[in-house]
Amino acid sequence: MIRTDSKRGRIALMVAHCAGMVDLVALPVWVGVLMAHYRFDPQQAGGLVTLFLAGAVLASLWLAPRFHRLRGRLVAPLAFAASGACFIAAASTADFALLALVHLAGGVAAGTALSVTHGTIGRDANPHKLFALVGIALGVFAVVFMAFVPRVVQSAGGPVLFQVFGGLMVLAAVITAFLFPDMARPSAGEAAVAVRADPLPRAVWLGIVGVGCMALVQAMVFSFLERMGNARGFGVQPLNALLIAIGLVNLFPAAIAGLLQKRLDAAKVVLGGALVQALLAIVMTWSSGFEPYAGSASVFVAVMIFSHTFAFGLLARLDPTGRAVAATPAMLMVGAAIGPVLGGTLVKAYGYPALGTAALIVDLVAAVLFACVLALRSRTGPSGAAVPRTSSPS
């Protein structure tokens, strides 16, 4: 039996997290390829990425309530293999309708695999620590991706991006087929909660919506990072260097979040993260100079990674059954799904500064929601969990 705290199990979870969260890393390259190489307008390019993310949301919403009844070791590799097939098919066509179909199907498959991955992480004795670990892996993946893929796409053409995505999904399918952990069996109390399907606590729902709001801002602004810089005449080389710098910066937030687990209040961290995200979005979208644009862009994703690591641990404590964190792809991607097409529509109608205005409004809503989580949690105790965990943190 492969456990979540074993070396093999953690390798599988790290690979699965990187493959399932590829959108968090690749959004600006993805949208940029669809606009520059396939000649789609901002709304069309954003719409295609939205279809992928919407498919992931639908899959996660369906799967999360049933997570405790599924075998992750079977579901994850089959779903990753299906997503890989969709991306390989996308590399062979430039037809918008066909690309839309494979984006949607690929998103459903990837969202399914990612849901069982996050649900399994949430059943670990220390989900915050394990989620920080897979976040570090995502940071390493981001550096490698940004260092090589944009250059390869520039020289070999847009379809190469989908070939890379397809290869990543196939690799994840192979590794999870052999190494994916068996889901830890719930305690008697947790099993009773799962069987009764008790409603999730109010604080959990507020936290889920708040994370979704931050994901919306993340996708809406980050999707057009490369195109924004291109439109302002910053040049290909500086923009490629910026993408690599973003990957390097992203190596650290998950690790720092793991180290600070017991030193910072999770609810306060996500509340502050929403406000910092709004500030960075405004600077990035409203500034005309390269320095403020690049400075804010370089840490924009890091804020989301750092904040979400704490949010994941908080939700895992508030709902020990694993249902809330199994819905992580839904809470992230329901916002991310709206982000590219909403961002494309705003850019098409009002220009890039409109992204900053919209980000400010949405992040203020997120901050209010997280403030409510903080208030509710203070009434029910530090964990807010209806059923305590029986295993000690690793």
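The values are calculated or read from the model by the stated rules, or taken from the named source; none is laboratory data. Here the structure is a predicted model, which means the values were calculated and not measured. Neighbour counts run over all protein chains shown; Cβ positions are idealised from the backbone, glycine included.
Restricting attention to the range 261-271 and to residues that are over 17 Å from the mean Cα position of the chain (by Cα) and surrounded by 16 or more Cβ atoms within 10 Å (Cβ to Cβ), the residue that is nearest to Asn126 (Cα to Cα) turns out to be Gln261.
If you filter the range 31-70 down to residues that are surrounded by 19 or more Cβ atoms within 10 Å (Cβ to Cβ) and among the aromatic types (Phe, Trp, Tyr), you find that the one that is modelled with the lowest pLDDT is Phe67. Working only within the range 284-311, note down all residues that are in contact with a Lys or Arg (Cβ under 8 Å, 6 or more places away or on another chain) and within 24 Å of Val270 (Cα to Cα). Hit for the range 284-311 is Tyr293, nothing else.
Matching residues to (1) assigned to a helix (DSSP H, G or I); (2) more than 24 Å from Ile246 (Cβ to Cβ); (3) modelled with pLDDT of 90 or more:
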{"residue": "Gly167", "(1), (2), (3)": "yes, no, yes"}
{"residue": "Gly189", "(1), (2), (3)": "yes, yes, no"}
{"residue": "Val195", "(1), (2), (3)": "yes, yes, no"}
{"residue": "Asp198", "(1), (2), (3)": "no, yes, no"}
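Restricting the search to helices (runs of 4 or more DSSP H) fully inside the range 222-305 and requiring at least 1 residues that are acidic (Asp, Glu) and either without any contact (Cβ under 8 Å) to a residue 24 or more places away in the chain or closer than 23 Å to Val33 by Cα (or both) gives 225-231. Summed over the range 120-130, residues that are farther than 16 Å from Ala19 by Cβ and either touching a helix residue (DSSP H, G or I) at 6+ places or on another chain (Cβ under 7 Å) or free of Cβ contacts under 8 Å to residues at least 60 places away in the same chain (or both) total 6.
Within the range 11-29, is there a residue that is over 18 Å from the mean Cα position of the chain (by Cα), farther than 30 Å from Val204 by Cα and not small (Gly, Ala, Ser)?
We begin by selecting, within the range 11-29, every residue over 18 Å from the mean Cα position of the chain (by Cα); these are 11.
Narrowing the set further to residues that are farther than 30 Å from Val204 by Cα leaves none.
The answer is no, given that none of the residues of the range 11-29 is over 18 Å from the mean Cα position of the chain (by Cα), farther than 30 Å from Val204 by Cα and not small (Gly, Ala, Ser).
For every residue, the table says whether it meets (1) in contact with a Leu (Cβ under 8 Å, 6 or more places away or on another chain); (2) not in a helix (DSSP H, G or I).
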{"site": "Thr93", "(1), (2)": "yes, yes"}
{"site": "Leu101", "(1), (2)": "no, no"}
{"site": "Val108", "(1), (2)": "yes, no"}
{"site": "Thr117", "(1), (2)": "yes, no"}
{"site": "Gly135", "(1), (2)": "no, no"}
{"site": "Val143", "(1), (2)": "yes, no"}
